[in-house]
Amino acid sequence: MNKVVLIRHGESEWNQLNKFTGWHDVELSKHGKYEAKKTGLFLKKKGFFFDCSHTSMLKRAIYTLQYILKELNQPWLSVQKSWRLNERHYGTLEGFNKDEIIQKYGHEQVLLWRRSFNVSPPQIDTQDKRFPGYDMRYSNVNINDLPKGESLEVTIKRVIPYWDQFIYPQLKERKKILIVAHGNSLRALIKYLNKIDDKNIIKLEIPTAVPIVLEFNEKYIPTKWYYLK
């Protein structure tokens, strides 16, 4: 049986402050660091080890992966980073407290922006300092590919090419793969691989630092997924 392990990063400082984070590069909170270390110890107890790993370009995911690999005694493990695994970009909502946005726009509208499949939040202008084109870490990415505000549908369209080009070939080589990313980039993968419909994916919440196991059969077709407990 072939398995891939997915983990959302530990709690960030903006998770703690209930802010829309998206592509903003925030630190892990103290609790988030604890979550990451605890998850690493848990995976070690369960007998997991990995041949390769993938993460985003955002430090809350990168540091979570580092804490996990340290606890697994695999700090040497190959790590591949990509903007395609970044969190969904929340456009003009980024940096604002979620409760404040609800007060301004109403609960139903904010729920649509947060949980619907194909409704994007208001987009930022390319002159906005929050536009990723100003960040040197994305200097090698075509500026037209950088988001100004994404729905889950748009997020899926950038995540899946990364899966197809880099992760799936490793799976076919029977590599043991660990992916540490974000709530929406992981929702995108789970939806795609398990053919979850647009309506039901809205209900999927991914908690911080809880391992999710994807199982594949001998033909590398997904068979099931579950939280590791």
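The values are calculated or read from the model by the stated rules, or taken from the named source; none is laboratory data. Fair warning: this is a prediction, and the values are worked out from it, not measured in the lab. A quick note on method: Cβ atoms are made from the backbone with ideal geometry, for glycine too, and the neighbour counts reach across all protein chains shown.
Within the option set T55, T92, being buried (at least 16 other Cβ atoms within 10 Å of the Cβ) and either closer than 29 Å to Q170 by Cα or touching a strand residue (DSSP E or B) at 6+ places or on another chain (Cβ under 8 Å) (or both) holds for one residue only, T55.
Return yes or no: is R8 surrounded by 19 or more Cβ atoms within 10 Å (Cβ to Cβ), touching a Ser or Thr at 6+ places or on another chain (Cβ under 6 Å), closer than 18 Å to A188 by Cβ and not polar (S, T, N, Q)? Before the answer, list the steps.
On the way: surrounded by 19 or more Cβ atoms within 10 Å (Cβ to Cβ): yes; touching a Ser or Thr at 6+ places or on another chain (Cβ under 6 Å): yes; closer than 18 Å to A188 by Cβ: yes; not polar (S, T, N, Q): yes.
So R8 fits the description; yes.
Within the range 198-212, residues that are within 22 Å of L112 (Cβ to Cβ) reach partners that are hydroxyl-bearing (S, T, Y) and surrounded by 15 or more Cβ atoms within 10 Å (Cβ to Cβ) with beta carbons closer than 8 Å, at six or more positions or on different chains, in the pairs I202/S116.
Considering only the range 181-209, state which residues are β-branched (V, I, T) and within 21 Å of I221 (Cα to Cα).
Keep residues of the range 181-209 that are β-branched (V, I, T), which gives 190, 196, 201-202, 206, 208.
Across the range 181-209, the qualifying residues are I190, I196, I201.
Residues considered: V110, V119. Of these, the only one that is farther than 25 Å from Y168 by Cβ, in a loop (DSSP other than H, G, I, E, B) and either of a type in the set (D, E) or out of contact with any Pro (no Cβ under 6 Å at 6 or more places or on another chain) (or both) is V119.
Working only within the range 130-169, note down all residues that are within 29 Å of Y220 (Cβ to Cβ) and more than 19 Å from the chain's Cα centre (by Cα). P169, the sole residue that qualifies. Pairs are defined by a Cβ separation below 6 Å, a sequence spacing of at least 6 or placement on different chains, a first member in the range 96-116 that is closer than 13 Å to N18 by Cβ and of a type in the set (A, V, I, L, M), and a second member that is modelled with pLDDT of 95 or more and exposed (fewer than 14 other Cβ atoms within 10 Å of the Cβ); no pair meets this definition.
On the given criteria, is E27 charged (D, E, K, R) and surrounded by 19 or more Cβ atoms within 10 Å (Cβ to Cβ)? So E27 does not fit the description; no.
Taking the conditions exactly as written (over 17 Å from the mean Cα position of the chain (by Cα), buried (at least 18 other Cβ atoms within 10 Å of the Cβ) and in contact (Cβ under 8 Å) with a residue 24 or more places away in the chain), does E35 satisfy them or not? Answer is no for this residue. Listed by position, the helices (runs of 4 or more DSSP H) contained in the range 153-229 that have at least 1 residues being in contact with a Ser or Thr (Cβ under 7 Å, 6 or more places away or on another chain) and surrounded by 18 or more Cβ atoms within 10 Å (Cβ to Cβ) are 183-194.
Which of the residues that make up the range 129-152 are hydroxyl-bearing (S, T, Y), crowded, with 16+ Cβ neighbours inside 10 Å and part of a helix (DSSP H, G or I)? Spell out how you get there, then give the answer.
Applying the first criterion (hydroxyl-bearing (S, T, Y)) to the range 129-152 yields 134, 138-139, 151.
After this cut, where a residue has to be crowded, with 16+ Cβ neighbours inside 10 Å as well, the list is 138, 151.
If the condition is that a residue be hydroxyl-bearing (S, T, Y), crowded, with 16+ Cβ neighbours inside 10 Å and part of a helix (DSSP H, G or I), then Y138 is the only one that fits.
Given the conditions (1) surrounded by fewer than 19 Cβ atoms within 10 Å (Cβ to Cβ); (2) out of contact with any Leu (no Cβ under 9 Å at 6 or more places or on another chain), which single one is not true for V119? V119 satisfies every listed condition except (2). E71 meets all of the listed conditions (1) of a type in the set (D, E, K, R); (2) more than 19 Å from F166 (Cα to Cα); (3) in contact with a Ser or Thr (Cβ under 7 Å, 6 or more places away or on another chain) but one, namely (3).
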